[in-house]
1. Any chance you could check the Cα centroid distance between region 99-114 and region 301-338 for me, in angstrom?
2. With each run of n ≥ 4 DSSP H residues scored as -39500 (n - 2.57), what mean residue ellipticity at 222 nm is computed for the chain after dividing by its residue count and rounding to the nearest 500 deg cm²/dmol?
3. Above 38 angstrom, tally the Cα pairs of the chain and express them as a % of all pairs, no decimals.
4. Summing Lys, Arg as +1 and Asp, Glu as -1, what charge do residues with Cβ under 11 Å from the Cβ of F357 carry, F357 excluded?
5. If we count every other residue with Cβ under 12 angstrom of K203's Cβ, Lys/Arg +1 and Asp/Glu -1, where does the sum land?
6. What is the local net charge at V337, summed over the other residues whose Cβ is closer than 14 Å to its Cβ (Lys, Arg +1; Asp, Glu -1)?
7. Out of H327, H340, H209, any idea which swings most in a Gaussian network model of the chain, alpha carbons joined below 10 Å?
8. Tell me, rounded to the nearest percent, the portion of alpha carbon pairs in region 247-420 spaced more than 30 Å apart.
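Derivation of every value follows stated rules applied to the coordinates shown; laboratory data play no part. Just so it is clear, the model here is predicted, and its values are computed rather than measured. Cβ sites come from the backbone with ideal geometry, for glycine too, and all protein chains shown count toward neighbours.
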Amino acid sequence: MILIVDDKQENLFSLKSLLQLNAYEVDTAASGEEALRKILRNEYALIILDVQMPEMDGYEVAEAVTGLNKTKDIPIIFLSAVNVDKRFITKGYNSGGADYITKPFDPDLLLLKVKNFCRLYEQTRELKAIQEVLKNEIEARKYAQTEVESMNLDLEEKVKIRTKELVLLNQDLENTNTELAQYASLASHDLQEPLRKILTFSKIIGQQHLAELPEAQRHMDKIIASTERMRDLINDLLNYSKLSGESYFSSTDLNVVLENTLSDLEISIDEKSAVLTVGKLPVIEAIPGQIRQLFQNLISNALKFSEMDVVPTIDIWSEYILEKDLHATAVVEGPYVRIHVKDNGIGFDEVYANKIFTIFQRLHGRREYEGTGIGLAIVKKIVEKHDGIVGVRSAEGAGADFIIVLPIQQTSSIKSNLHERI
C-alpha cells in the first residue's frame, strides 16, 4: 500500500486516482501528524510526501519516519511545486528521501518510479525475512551444537567410567577363571582317585567272587560301565575348563599334529577298520595341544557315529580362503584356512547343527552311542580360542562334514581371550 501525504485535497484526489487506475492500493493523509499516526499503525511500501505543509512540513515527517526502526526502510518520494531550488532538493535527500520530484511531473515517469520503489521495498522485506530465518537457523544450530557438545562430554565421561568398570570386571573374571581352573584340576584329581579304586575293586570282585553268580556279575558290569563314564566325564570337564586359561601361540605344522593324533587313535581306527584319506595341511599360528585335541575329538566322533556293518571312511583336507566365512570361495592362497573332516557315518538333521556344539547336548541316547556330550563343545571353544569359526553340513544317513575356518596368523602371538571365556 502507498501513502500520499498532502494538505491539499485536490492534490490527494488527483494522485490517488492516478495510482488506483494503475492497480495500486492507496491511503492518504492531509497532514504530517496524521501521516505519522497512520505510519505507526499500518504498513506501507512507499510514501509520496508533499514538502510544503502547515505545522509539520515534509522534511520533518521524513526525519521522523527514517528515525524509527519500524519505518526506516520505507522509501520516500518528495513531491513539490514550490521548493524546486537545488538546496531544497538537497535537504529532501538529507532528511531521508529516496527521490525528489518537482511539479509539474510526467505521470508515466512517476508511475515508473513508484513501481521500482515498491518492488525494491518488497525485495527488502523478503531479504529481511530470509535474514531472520537464517538468524533463527543459526541460533538453533548453535544451540544444537552446544547440546551435542554437552552430550558428547557426558558420553565420554560415561564411556570412561564404563571402560574402567569393564577393566575391573575383566580382572575379576580372569581371577575367577584361574581359580575355577585350579579348582577343576584339584576336584578332578580328588574325584578320579576314588573312581580308580571303585573300578579296580569292582573288577577284582567280578573276577574272583562272581564267576558263579551271573546275575551279580551283570550288575557289577553295570557298575563298572557307569564308573568309566564318570571318569570320562570328569576328564572332559577338566579339558573344557583348561581352555579358559592363557595360551601361547606358535608356528604349528597341522600335518605333524594330525599325524600324532592318528597315532594316538591307531587302536580305535584298527578296531573299526576305518579308511582315512588325508590331504596336505598348512602351517598356521596355533596352540598345538589344543589343535591336537580338536582333531582327536572330531576323528573320535566320526568313528563313534559310524554306520553298523559299514566301513568308516574319514576324509580330511584343507583349502585357503580370503575371509572368515564357512562358504567362502577357495583360492590359491589366502589369510584363512578352511579344514574339512568328513565322514560317512549316521549323520543327523541339520536343524540340530547348532545344538551339537552345546555342552552336554546329545542327539542320540547313551545306550546307542557312548559319550559325555562335551567333545564338540570343546571343539567349538578351541576354534573360538583361535579366532575362528566352526560349522557342519549333514543329513540323516549321509554322514557329516565338519568345517573349521582358522586364521593363518593370529593378531598376537600370545592371547588370553578373556572376553571369550565361558
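1. Taking the Cα centre of region 301-338 as reference, the centre of region 99-114 is 98 Å away.
2. Details: 10 runs with 219 residues, N = 422.
Result for the chain, helices only: -18000 deg cm²/dmol.
3. Working: 50067 of 88831 pairs.
Summing the P(r) of the chain above 38 Å gives 56 percent of all pairs.
4. Details: positive: K355, K380, K381; negative: E384.
Overall, the nearby charge balance is +2.
5. On the way: positive: R196, K197; negative: D221, E228.
Taking every Cβ under 12 Å from that of K203, the sum is 0.
6. Details: positive: K280, K324, R338; negative: D253, E285, E319, E323, D325, E333, D387.
That sum, taken over residues with Cβ under 14 Å, equals -4.
7. Fluctuation is largest for H209.
8. On the way: 2125 of 15051 pairs.
I get 14 percent for the Cα pairs in region 247-420 exceeding 30 Å.
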